[in-house]
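The values are calculated or read from the model by the stated rules, or taken from the named source; none is laboratory data. These figures come from a predicted structure and were not determined experimentally. Please note: Cβ atoms are built from the backbone with ideal geometry, for glycine as well, and neighbour counts cover all protein chains shown.
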Amino acid sequence: MYPLPNHEPSSKFVEFSNLQKAYPNPYGEDFVAVENFNLNIKQGEFIGLIGHSGCGKSTVLTMLAGLNAISGGGIIVDNKEIDEPGPDRAVVFQSPCLMPWFNTYQNVMVGVKNVYPHASKKERHDIVMYALEVCGLQDSIKKHPHEMSGGQQQRVGIARAIALKPKVLLLDEPFGRLDSLTRMDLQDTILQILNKEKITTMIVTHDVDEAVFLCDRVAMMTNGPRATLGEILEVGFERPRNRKDIMNDPMFYRYIDHLVSYLMDRAHLREPAKTYDKNSLLSFTKKPGDKATHVA
Amino acid sequence: MADSGKDKFKYTLLKGIDFSGFTVFDPVVRLIFGEDPKKQLSDIGRYMVTPVIFIIGCIIIWSVMAPRHKTKSGEVPGPDRVLASYQNNKRFHERENEKQSDFNTDGAEREATLAEVQEQIITYTALAEEKAKAAALAAVEVQDTIDAKILPLQTKLDSIKEKSKEAQKLRRENISTLAEGVAANTAESSALITAIAEDKALKEKERESTKDLKTQIDEIRANPPKRLKEAQLASNKVADELQHLKKRVDFLTTGNRSEKVSSSLEAAKEATAAIPLASTGPEVLKSAKAAVRNTESAERAKEQKYPRAATVFWQAYRSIFTVIVGFLMACAVAIPVGMMCGLNRVFMACMTPIISIFRPVSPVVWLLIFQIIIGAFFPNPDEHPLFKFFNASWNPLEFLQVNPAMVFSAFTVAICAMWPALVNTALGVSSVDKDHMNVAKVLRLGFWSRLFKIIIPSSLPLMFAGLRISLGVGWMVLIAAEALSSSDGLGKFVWDEYQNGSSLSFANIILACFIVGTIGFFLDRIMIVLQKIVTFDDGSATV
C-alpha cells in the first residue's frame, strides 16, 4: 500500500447507516428505492458501487453528495452528518456539466473562488493551474467546452472537483459516455491523481473491468426496489497500479468473474451482506444456470 | 492548406455569412474562391436564381394585374408607379435638405450658393419655356388627331340624334291627335296608351344607341396619345424644379436666418440712430420702440429653425427611434420581472393573472389609455425638461422633434412588446439545466454568483428569442399606433396619404408598406445575430 498520512486513517471515514430512500406515492405506499444500506469507507480508500441499472447506486451517491434528500438513516463524513451539498464532497457527473459560457480555466476557477474565499489571487491561480496540470489540460486552458472532445470535457469536470481539495471525491458513472480508449486514458489519469492526492473516492459504474481496475473494494448492490448492499469484494492489487500488469494477472479475471456472477445470478437474492477477499472468492463453473458453489 | 491566408479569409467570410443569417450567399463566396464550381453553380441556380425568377414573376403579375383594378382612388399602382413614388419622395427629401442648408448658411457661402442657384434658374427658365412650348405644341397636334378621330363619330352621333329628334316629333304629334280623338270619342283610349308606351320604349332605345358612341368619344378625349402626357409631365417636372429653385432663392435671401438677423439688427440700428434726430416726444418714443422691437426679433431669428416638412424618410427615422425607445422600456421591465418570476414560484403565481389578463389587450386600448395618462403629465410640453433635452439644438436627435405623441406611442410599444420577453425570460430562468444547478449546489455558490454565473448565461438564448419576438410585435404595434394617434412616423405617413387621396397617395402607401417591411426585416436580423452571439452551445459565441 502507499504511504499513509501521519495519523492512522479512520476506518469509518464515511459511514452509511441504515440509509433509506423512499419516494412518496400519493396513491399508496411509498416507493422505497434503497433501504438498510450499511457501509463504512476508510480514509483514502477507493470504493466502487456496482449493480444493475435502476438499482439505486446513483441514488446512494447523490445522497452522499447531498443532492438527494435522505429519507431514513444517515451518512456521516469525517464525524459530521451530512444534510446539504458542499465542496467537501466534490462530484464528477456523468455528463461533464461544464458551463458552456466559461473556458476551461474559468470553469475550474468558479468553484475555487467560492471554496477559498480568503486565498489571494495568486494562490487561487496556482490551485487552478495545479488541478489543470494533473488532469493533463495545460494546452486547453483557454478553450471553451464546445471546442473540446467529450474526454477533454470530462477532464475539466475532474479538474474542477480535484481543485476543491475535497474530503470525498464522488464519481457518478464518469466515463459512461466515453469510448473505450478515452475511458482507459481517463482511468489512468484518475489513478495518477489519487496516487498523489489520497482522496477518499467512491465511483458508481456499470463496468466491472473498470471497478476491479480502479477500486480497493467493490460494493455490489442487490436489484431494486428496496435495494441494499449485497456483497463486498476486496481487490488485492497493490498500488500504484499498472494496467498491463493487472491485465496479465489471472486474479483480475477471477475478480471479474465473481462480479459478473453476482450480477447474473445472485443480485436478486436477499442475503446478509458478505465480504470476499482473494482467498474466499467464489469459483464458478462456466455453465450458465448452474447454482453457484462456494469453494474455500 | 487551411492555414493559407486566402483560405483563412474565406472561412472567416463564410462564418460571417452564416452568422448574419445570409446563408444564400455562401455558394457565391465559395465560387469566387474556386471551390467545386459545379456544385456552387447548381446551388446558386437552385437557391438564388430560382427565388429571383419567382420574385420577378410576382412583380410581373403585380404589374399586369394592378392597372386592371380601378378603385375610387384611382387604379391600383403597379411597380412602376411605386418606384416613381419612391423617386418623388427621395427628391422631396433632398429638396428639404437643400432648403434647410440654405436657411442655415451665412456669409460668403450663402452668396456663392445664391449665385449658383440663380445661374440654375436662368437655365431652368429657358428649359421650362421650351418644355412648355413643346407641351403646348403637342397639345395642339394632339387636338388635331383627336378631332380627326372624333369627327366621324360625332357626325354619326349627330345624324342619329337628328333622326331620332324627327321621329320623336312625329310620335308626339301622333299622340296629341290621338288624345284629341279620345276626347272627341273618335278614337280608342287603349290605342293612346299603347302609343305612349311605345314612345317611351323607343326613346329608351334611341338613348341606348347614342350612349355607345358617346362613351367612345369620351374615351378618346380622356386618353390623349402618350406623347402629350409625356410632354406635359416633362414640362411639369421642369416647372416644379424651377419653383423649388425660386424657393431656394427665398431661403438664401429674405428667408435666410443670418439675413433675417442682420436685417433686424440693421433696422434696430437705424431706429437707434433716429432717436436723437427726432424732434417731438411721440417720434422719439416710436423710434425707441422700433429699436427694441427689432433687437428682439433679431434675437428670435437667431433661435429660429427651418420648419422642415415631414418626408417619408424622416418619418422612418422617427419610427425606428420610437420603437427602440419603446423596446428598451419593455426590456427594462420584462427582464427583471421575468427573472423574478423564474426564480420565485410565489412571485410567478402573483404575476400569472396579471400577465394573462393584460397580454391579450389590444394595442389600440393601451394607446388610448396612455394618450390620456401621458397627456396629463405634459400640460405644457415645450417647457418640460424631457422635451427641452431632446429638442435642444446640441442634441443629435433634435431633428426627430420628440413630443408627447412620441412618448405615448413608445409606451404603447413597450407594454405590448413586453409580454413575449417577460414570459420567455421567466421560462429561461426557471428551466436552467438541472446538472448546472447541481454543480452550483456542490460548489455552494451564493445567490448572486449563481444568478450571474449560471442562471443568466444559461437563460440568455431563450431570453433573446423572446426579445426578438418582442421587437417584431413592437414594430407592428408602433405603425398601428402612429396611424391611430397621428404621432409622427410611418404610420402617420400612411394615414395622411389615405386621408389626402391624391393620385399619388395609393402608390405612397404601398411604398410605405415596403419601407415598413424592410425596416422590420433588418430589426429582426439584428436580433437574430444578437441571439446567436449569446447562444453558446453551437460554438458561434467565439466568432
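Just a few scattered comments:
- Exactly one residue out of A:Asn242, A:Asn279 is surrounded by fewer than 17 Cβ atoms within 10 Å (Cβ to Cβ) and modelled with pLDDT of 85 or more: that is A:Asn242.
- Residue in region B:507-522 that is touching a residue at least 12 places away in the same chain (Cβ under 8 Å), over 11 Å from the mean Cα position of the chain (by Cα) and in a helix (DSSP H, G or I) present: yes
- Scanning region B:335-369 for residues that are under 24 Å from B:Asn424 (Cβ atoms), within 27 Å of the chain's Cα centre (by Cα) and assigned to a helix (DSSP H, G or I) gives B:Pro363, B:Val365, B:Trp366.
Residue-wise test of (1) of a type in the set (A, V, I, L, M, F, W, C); (2) within 30 Å of B:Gln216 (Cβ to Cβ); (3) in a helix (DSSP H, G or I).
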position: B:Arg110; (1), (2), (3): no, no, yes
position: B:Thr123; (1), (2), (3): no, no, yes
position: B:Lys133; (1), (2), (3): no, no, yes
position: B:Ala139; (1), (2), (3): yes, yes, yes
position: B:Asp158; (1), (2), (3): no, yes, yes
position: B:Glu166; (1), (2), (3): no, yes, yes
position: B:Ile175; (1), (2), (3): yes, no, yes
position: B:Gly181; (1), (2), (3): no, no, yes
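- For the criterion of being in contact with a Cys (Cβ under 6 Å, 6 or more places away or on another chain) and either within 14 Å of another protein chain (Cβ to nearest Cβ) or at pLDDT 90 or above (or both), B:Val543 fails.
- The residues listed here are B:Ser458, B:Ser485, B:Ser393; of these, the one that is away from chain A (no Cβ under 14 Å), buried (at least 18 other Cβ atoms within 10 Å of the Cβ) and of a type outside the set (D, E, K, R) is B:Ser485.
- Qualifying residue in region B:43-58 (condition: in contact (Cβ under 8 Å) with a residue 60 or more places away in the chain and of a type in the set (Ser, Thr, Tyr)): no
- Selection status of A:Phe175, in contact (Cβ under 8 Å) with a residue 12 or more places away in the chain, more than 14 Å from chain B (Cβ to nearest Cβ), assigned to a loop (DSSP other than H, G, I, E, B) and among the aromatic types (Phe, Trp, Tyr): yes
- Only residues that are polar (S, T, N, Q), over 17 Å from B:Lys441 (Cβ atoms) and within 12 Å of chain B (Cβ to nearest Cβ) were counted in region A:103-122, giving 2.
- Residue in region B:421-436 that is without any contact (Cβ under 8 Å) to a residue 12 or more places away in the chain and at negative phi present: yes
- Condition met for B:Ala132 (touching a residue at least 60 places away in the same chain (Cβ under 8 Å) and in contact with a Ser or Thr (Cβ under 8 Å, 6 or more places away or on another chain)): yes
- Any chance B:Met406 is in contact (Cβ under 8 Å) with a residue 40 or more places away in the chain, farther than 22 Å from B:Val337 by Cβ and either buried (at least 21 other Cβ atoms within 10 Å of the Cβ) or not hydroxyl-bearing (Ser, Thr, Tyr) (or both): yes
- Taking the criterion of being within 14 Å of another protein chain (Cβ to nearest Cβ) and within 28 Å of A:Ala159 (Cβ to Cβ), the residues of region A:66-76 that qualify are A:Gly66, A:Leu67, A:Asn68.
- Comparison of B:Ser362, B:Ser409 shows that the only residue that is modelled with pLDDT of 90 or more and more than 23 Å from B:Ala316 (Cβ to Cβ) is B:Ser362.
- Residue satisfying all of: in region A:139-163; surrounded by fewer than 24 Cβ atoms within 10 Å (Cβ to Cβ) and of a type in the set (A, V, I, L, M); farthest from the chain's Cα centre (by Cα) among these: A:Ile141
- Wholly enclosed helices (runs of 4 or more DSSP H) of region A:200-283 bearing at least 3 residues under 17 Å from A:Lys57 (Cα atoms): A:208-214
- Only residues that are over 35 Å from the mean Cα position of the chain (by Cα) and assigned to a helix (DSSP H, G or I) were counted in region B:14-44, giving 14.
- Any hit, region B:429-450, residues being assigned to a helix (DSSP H, G or I), within 14 Å of another protein chain (Cβ to nearest Cβ) and among the aromatic types (Phe, Trp, Tyr): yes
- Where B:Glu94 falls short, out of the listed (1) of a type in the set (Asp, Glu); (2) at pLDDT 90 or above; (3) closer than 21 Å to B:Ala231 by Cα: (3)
- Checking A:Gly28, A:Gly56, A:Gly44, A:Gly51 one by one, the residue that is more than 14 Å from chain B (Cβ to nearest Cβ), over 27 Å from B:Met437 (Cβ atoms) and touching a residue at least 60 places away in the same chain (Cβ under 8 Å) is A:Gly44 and no other.
- All positions within region A:111-134 that are assigned to a loop (DSSP other than H, G, I, E, B) and at pLDDT 90 or above: A:Ser120
- Test result for B:Leu386, more than 30 Å from B:Ser101 (Cβ to Cβ) and either out of contact with any His (no Cβ under 7 Å at 6 or more places or on another chain) or not in a helix (DSSP H, G or I) (or both): no
- Scan of region A:88-102 for residues that are part of a loop (DSSP other than H, G, I, E, B), at the interface with chain B (Cβ under 7 Å from one of its Cβ atoms) and either among the β-branched types (Val, Ile, Thr) or closer than 15 Å to A:Ser58 by Cβ (or both), ordered by number: A:Phe93, A:Ser95, A:Cys97
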